[in-house]
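Readers should treat all values here as calculations from the given coordinates under stated rules, not as data from a laboratory. If you're wondering where the values come from, they're calculated on a predicted model, not measured in any experiment. Glycine gets a Cβ as well: all are built from the backbone with ideal geometry, and neighbour counts include every protein chain shown.
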Amino acid sequence: MKAKDKWKRGLPYVGNKGQKAEQIIDLLPPGNRLIDAFGGGGSISLTASAASKWNRIVYNDIRSSVVQLLKELITGNSIDLKKYVCVNRQQFLDWRDKRPDSIERTLVLICYSFGNDMNSYLWGRKNEELKLMMTRALFYGDTGTIYDEMFDKYRGEAGIMETYSWFHKWRRDRMGISSRSDLLQNLQNVQRLQYLAELDQLEQLQQLQQLERLEYSSRDYRDLTIQEDDIVYLDPPYYKSGKQYGGFDHDAFWEWLMECPAKNIYISEYTKLPHTEVAFNLGKKHSFITAGKRKDELLLKVVK
Ligand SMILES: C[S@@+](CC[C@H](N)C(=O)[O-])C[C@H]1O[C@@H](n2cnc3c(N)ncnc32)[C@H](O)[C@@H]1O
């Protein structure tokens, strides 16, 4: 994916459709309005807003702080992402357990959790020390280690993306290490947010205009007003994986689905469900966490 399109992936949020979003958007029928009822990190809504298949796109998720975070990144400018490049385990746990829900709390929990599940800290204890030290050296130069040399190049004055690229270059030139794997996952996560925050730069203005078609909504999916001619895309907590989202009621979901007035309803799932046909098999999910037990991702169409 080209750098200029990376904003379309949205927030690094558990269950993010990631690379599959473009494919899904290509497969969904055009129409007046697309409803992304379980919008999560926003990859479907954002990719949809860049395509010209719908006049309006409703990005909805019950977690209002996730919706607010995405909205603030795109339309506001109150978040200084550099404040969040270095969050340790204790700070993460404080945010998670002691602070009320907010945009900042959501930002920290998304960027510093393992698998972006907003629950467990990103690194194990052994790794934590090294990764935070490298990040500190890069952005603050105050670790008393050889890594502080990296700070001299920008002295905290460049953006996160530029600084992180410099980190790889410095390691390659100075230490002879060229691997670019998920080394500082924290920075990769914050960088994802940065792509959204930078959409108001001149060369991205066209995308920003396209995003005016996006409507932000944080309701329970059952409270959405849906019309017959809406294209409805549903990516609910997966069947049998309800515990991740505090126990999703799949029976209630099915009842609602059967009553939903829209003619075109599509669902992302791993299992074919009753009253649906497989509209497309998107292949295996790419994720280091699900490695080993990967299933095919299906796009189901509801048939009533
Ligand atoms: C599998 S994730 C969606 C991921 C999304 N497609 C993406 O690309 O990031 C499921 C989402 O459903 C949301 N959700 C759970 N219960 C909901 C409800 N009753 N109404 C609306 N959204 C709900 C969760 O907060 C979660 O973000």
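Between Lys304 and Lys83, what is 0.36 nm times their sequence separation minus the Cα-Cα distance? Round to one decimal in nm.
Numbers: separation 221, 0.36 × 221 = 79.56 nm, distance 5.03 nm.
Once the chain is fully extended between Lys304 and Lys83, it gains 74.5 nm.
What residue among Ile265, Ile177, Ile103 has the largest mean-square fluctuation in a Gaussian network model of the chain, using Cα springs under 10 Å?
Top of the fluctuation ranking is Ile177.
In square nanometres, what is one fourth of the surface area of the convex hull spanned by the alpha carbons of segment 59-99?
Working: hull surface 15.2 nm².
Dividing the Cα hull surface by four gives the mean projection, 3.8 nm².
Go through 219-232, 50-63 and give me the packing order, highest mean Cβ count within 10 Å leading. Write out the running numbers ahead of the final one.
Numbers: 219-232: 15.6, 50-63: 18.6.
Final packing ranking: 50-63, 219-232.
What nm distance separates the two modelled labels at Ala51 and Glu212, each placed 7 Å from Cα along Cα→Cβ?
Distance between label points: 2.3 nm.
Which whole-number percent is the relative contact order of the chain (Cα, under 8 Å, 6+ apart)? Walk me through the numbers before you get to the answer.
Numbers: 477 pairs, mean separation 61.6, N = 304.
That works out to 20 percent.
What is the gain in length, in nm to one decimal, between Glu157 and Asp200 on full extension, counting 0.36 nm per residue of separation less the C-alpha to C-alpha distance? Provide the component values of the computation, followed by the final result.
On the way: separation 43, 0.36 × 43 = 15.48 nm, distance 1.97 nm.
Extra length available between Glu157 and Asp200 comes to 13.5 nm.
What are the equivalent ellipsoid semi-axes of segment 140-252, built from the alpha-carbon gyration tensor (square roots of five times its eigenvalues), in whole angstrom, biggest first?
Numbers: eigenvalues 353, 95, 29 Å².
For segment 140-252, the ellipsoid semi-axes come out as 42, 22, 12 Å.
Given a cut-off of under 8 Å on Cα pairs at least six residues apart, what relative contact order in percent is computed for segment 81-200? Numbers along the way, then the final one.
Numbers: 113 pairs, mean separation 26.4, N = 120.
Worked out over segment 81-200, it gives 22 percent.
Quick one: among Glu157, Glu22, Glu128, which has the greatest mean-square fluctuation in a GNM of the chain with alpha-carbon springs under 10 angstrom?
With Cα springs under 10 Å in the chain, the top fluctuation among Glu157, Glu22, Glu128 is at Glu157.
Helix 250-259 versus the longest principal axis of the chain: what is the Cα-based angle in degrees, 0 to 90, to the nearest 10?
50 degrees
With angles folded into 0 to 90 degrees, how steeply does helix 125-140 sit against the dominant principal axis of the chain? Use alpha carbons for both and round to 10.
70 degrees
Report, in degrees rounded to the nearest 10, the 0 to 90 angle that the Cα long axis of helix 89-98 makes with the longest principal axis of the chain.
40 degrees
Could you go through segment 160-171 in sequence order and give the Karplus-derived ³J(HN,Hα) for each residue, using 6.51 cos²θ - 1.76 cosθ + 1.60 with θ = phi - 60°, rounded to whole Hz, and x for Gly and Pro?
Values, residue by residue: 5, 4, 5, 5, 5, 5, 4, 4, 5, 5, 4, 4 Hz.
Could you compute the FRET efficiency for Leu224 and His168, with r as their C-beta to C-beta distance and R0 at 41 Å, rounded to 0.05? Write down the numbers at each step before the final one.
Working: r = 43 Å, r/R0 = 1.06.
Once the sixth-power term is evaluated, E becomes 0.40.
At 222 nm, what value in deg cm²/dmol follows for the chain if DSSP H runs of at least 4 each add -39500 (n - 2.57) and the sum is divided by all its residues, to the nearest 500? Don't jump to the answer; show the numbers that get you there.
Working: 11 runs with 107 residues, N = 304.
Using -39500 (n - 2.57) per qualifying helix, the result is -10000 deg cm²/dmol.
I need the fraction of alpha carbon pairs in segment 81-200 separated by more than 22 Å, rounded to a whole percent. Mind showing how you got there, number by number?
Working: 2416 of 7140 pairs.
Pairs farther apart than 22 Å: 34 percent.
Quick one: what does P(r) look like for segment 110-181 with 5 Å bins over all Cα pairs, in whole %?
In whole percents, the pair-distance histogram is 3, 16, 21, 24, 20, 12, 4, 0.
Out of all DSSP beta bridges with both ends in the chain, state the antiparallel percent to the nearest 5.
Working: 12 of 27 bridges.
About 45 percent, rounded to the nearest 5.
Just tell me which lysines come within less than 26 Å, Cα to Cα, of Lys169; anything on the same chain fewer than 8 places away is out.
Within reach: Lys2, Lys4, Lys6, Lys82, Lys83, Lys126, Lys131, Lys153.
Once fully extended, how much extra length lies between Asp117 and Gln90, figured as 0.36 nm per residue of separation less the alpha-carbon to alpha-carbon distance?
Details: separation 27, 0.36 × 27 = 9.72 nm, distance 1.72 nm.
Result for the pair: 8.0 nm of gain on full extension.
Can you give me the orientation-averaged projected area of the convex hull built on the Cα atoms of the chain, in nm²?
16.5 nm²
With a cap of 14 neighbouring Cβ atoms within 10 Å, and only residues DSSP puts in a loop, list the chymotrypsin sites (Phe, Trp or Tyr not before Pro) found in segment 131-166. Show your work: numbers first, answer last.
Values: sites: Phe139, Tyr140, Tyr147, Phe151, Tyr154, Tyr164, Trp166; in loops: none.
Taking segment 131-166 and a limit of 14 other Cβ atoms within 10 Å, no loop chymotrypsin sites (Phe, Trp or Tyr not before Pro) are found.
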